[in-house]
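Data first, discussion second: the structure below is written as structure tokens.
The values are calculated or read from the model by the stated rules, or taken from the named source; none is laboratory data. Note that the coordinates shown come from a computational prediction; the quantities given were computed from them, not determined experimentally. As a convention, Cβ positions derive from the backbone with ideal geometry for all residues, glycine included, and neighbour counts pool all protein chains shown. Side chains included, ligands, DNA and RNA excluded: accessible areas come from the protein's heavy atoms. Shrake-Rupley method; radii C 1.70, N 1.55, O 1.52, S 1.80 Å.
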Amino acid sequence: GYAGFISGRSVPSTVGASRNNNTYNVRASINGIEKAINYFCSSISSISIEPETTTLVVGGTGIIKAKAGGHDVSRAVIWTSNNDEVVTVDAGGNLTAVAVGDAIITATSVADPSKLATYTVTTANIVNQTAKKTYPTIQEAVSSANEGDTIIVGAGTYTGDVTIEKALTLGSLN
């Protein structure tokens, strides 16, 4: 599979495609060099997903990017979630946390489906966004937090006292 881009404004530069038995033959002429389009693109050796980890509060959103050779190829992959009941992902890599749990997100190259990357997204009702960790109670999140951390609490009713003895941000999605 190939991924890449052609840029510039030299004349004459053309890209043409012809169809023969359901196969598209794409050629480009750039600065007088006429070749198959893959001549101007680099082969995909692997795909990775960034950022390295994602932890979301239920009801929250995030975005991930597919990379190949250091370039953003997010629009050249098909995004899927193995558990849409926990995390959904759209064609742009936008994530939505639906329920508590884990989901594996896969980015599969459109050009070469053998090239793919997987990524685990963890969701919870209480998340330390700075440390990217989840907690069962607000107090556990506060006690484990470092100075300056941000803890986000999902929608719901929480009971019990919370003691905060350090500077941190405690907030909600709304």
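Couple of notes before you dig in:
To keep it simple, each residue is scored yes or no on (1) open to solvent by less than 60 Å² (accessible area, probe 1.4 Å); (2) modelled with pLDDT of 95 or more; (3) in contact with a Lys or Arg (Cβ under 9 Å, 6 or more places away or on another chain); (4) among the aliphatic types (A, V, I, L, M).
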| position | (1), (2), (3), (4) |
| --- | --- |
| Val87 | yes, yes, no, yes |
| Asn94 | no, yes, no, no |
| Pro113 | no, no, no, no |
| Thr120 | no, no, no, no |
| Ala141 | yes, yes, yes, yes |
| Ala155 | no, no, no, yes |
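- Note on segment 126-139: residues that are surrounded by fewer than 22 Cβ atoms within 10 Å (Cβ to Cβ) and more than 20 Å from the chain's Cα centre (by Cα) total 5.
- The strands (runs of 3 or more DSSP E) falling completely within segment 55-174 that include 2 or more residues that are among the hydroxyl-bearing types (Ser, Thr, Tyr) map to 77-81, 101-109, 116-124, 169-172.
- Test for Glu52: is it open to solvent by 80 Å² or more (accessible area, probe 1.4 Å), assigned to a loop (DSSP other than H, G, I, E, B), within 30 Å of Asn174 (Cα to Cα) and at pLDDT 90 or above: no
- Subset of segment 111-135 [among the hydrophobic types (A, V, I, L, M, F, W, C) and without any contact (Cβ under 8 Å) to a residue 60 or more places away in the chain]: Ala131
- Output for segment 157-170, where each listed residue is surrounded by 11 or more Cβ atoms within 10 Å (Cβ to Cβ) and closer than 21 Å to Val98 by Cβ: Tyr158
- Per-region count, segment 82-95, residues more than 11 Å from the chain's Cα centre (by Cα) and touching a residue at least 40 places away in the same chain (Cβ under 8 Å): 0
- Answer residue from segment 143-153, given it is surrounded by 14 or more Cβ atoms within 10 Å (Cβ to Cβ) and among the hydroxyl-bearing types (Ser, Thr, Tyr) and is nearest to Thr61 (Cα to Cα) among those: Thr150
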